[in-house]
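Quick notes on the structure that follows.
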Amino acid sequence: MVLSESNGRVQLPAKAQTRPVVDDGKDAESLKVAEDQIGHPSMGVEVRRNYMGDYLDVPFRPNLMKILQKQGDKKVLFADRVLKFTSTGKMKRHILLITDFALYIVDPDIDALKRRISLAAVEKLCLSERSDNFLAIIVPTEYDLLIASTRKTEIVSIFVDTTRSQSDYELEVLSSNRFEYNATSELVKEIYFDETEDGTRTRIVRK
């Protein structure tokens with residue numbers, strides 16, 4: 001998968017170059033990650049702006065605000081659309097929200113909360129040594145989360161900085177061209193990042 005850098009932001013190339021190989025050669029569905037404009041100033045909700053942070057205008061989206069308020073979260077550090085990998089290897093567009101206490105995976109079609117993970121439950125982050133958009137969030141007490149985002153570097157920075165400020169704990173960030181993750185509590189998969197003439201080829205296989 002060939003990726004390019006533009007103004008410090010990793011960009012997805014043409015659709016033909018963004019199809020990871022999943023489960024012994026089967027191509028995953030390819031979806032384009034939308035690039036949203038920066039939101040307006042918040043109304044009673046603090047939004048982290050060092051990296052822009054909120055790309056979805058969360059304070060002006062009542063359904064998202066309701067999800068956060070129900071959990072007692074008020075400080076939005078990051079909000080954007082990402083691609084989430086299912087246990088079967090397919091990709092589906094979701095909303096990723098990160099606060100100073102947890103991350104949220106929301107179905108954008110119905111604004112329904114699909115998963116909430118406490119930041120304290122995250123053991124480490126895994127990413128490749130190459131220029132790609134993949135990020136695995138390792139949660140040993142549950143199961144892991146594999147996503148693809150053009151703002152991967154920003155997400156990692158927010159995780160590391162927030163964990164350090166909340167607990168004085170240095171979150172481990174593993175850079176490797178091969179690592180495992182738990183797609184479910186009982187299903188382990190391995191992801192490979194292979195260098196080719198055209199760039200990076202990504203393979204996800206069952207163990």
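Contact order for the stretch 56-207, expressed relative to its length and based on alpha carbon pairs under 8 Å spaced 6+ residues apart, stands at 16 percent.
Which order do the peptides 88-97, 117-126 take when ranked by the mean count of other beta-carbon atoms within 10 Å per residue, highest first? Don't skip to the end; give the middle numbers.
Details: 88-97: 18.8, 117-126: 16.8.
The densest-packed peptide leads the list: 88-97, 117-126.
Look at where the Cα atoms of the stretch 55-122 and of the stretch 190-207 average out, and the two centres are 28 Å apart.
When ligands, DNA and RNA are left out and all protein chains stay put, how many square angstrom of accessible area per residue does the stretch 61-186 have with a 1.4 Å probe?
Details: 5460 Å² over 126 residues.
With all protein chains present, the stretch 61-186 gives 43 Å² per residue.
Largest first, the residues Glu190, Glu197 sort by 1.4 Å accessible area into Glu197, Glu190. When Asp107, Asp194 are compared by accessible surface with a 1.4 Å probe, the order from highest to lowest is Asp194, Asp107. Give me the percent of accessible area attributable to carbon and sulfur for the stretch 51-207, probe 1.4 angstrom. In the stretch 51-207, the share of accessible area belonging to carbon and sulfur is 45 percent.
When the surface is traced with a 1.4 Å probe over the full set of protein chains, Tyr169 keeps roughly 100 Å² accessible.
Quick one: which of 143-152, 61-70 comes out on top by average Cβ neighbours within 10 Å, and what's the full order, highest first? If you can, show how the numbers build up before the last one.
Details: 143-152: 21.6, 61-70: 15.1.
The packing order, highest mean first, is 143-152, 61-70.
The values are calculated or read from the model by the stated rules, or taken from the named source; none is laboratory data. Keep in mind the model is a prediction, meaning the values are calculated, not measured. Virtual Cβ from ideal backbone geometry, glycine too; neighbours counted across all protein chains shown. The accessibility values were calculated without ligands, DNA or RNA, using every heavy atom of the protein model including side chains. Shrake-Rupley method; radii C 1.70, N 1.55, O 1.52, S 1.80 Å.
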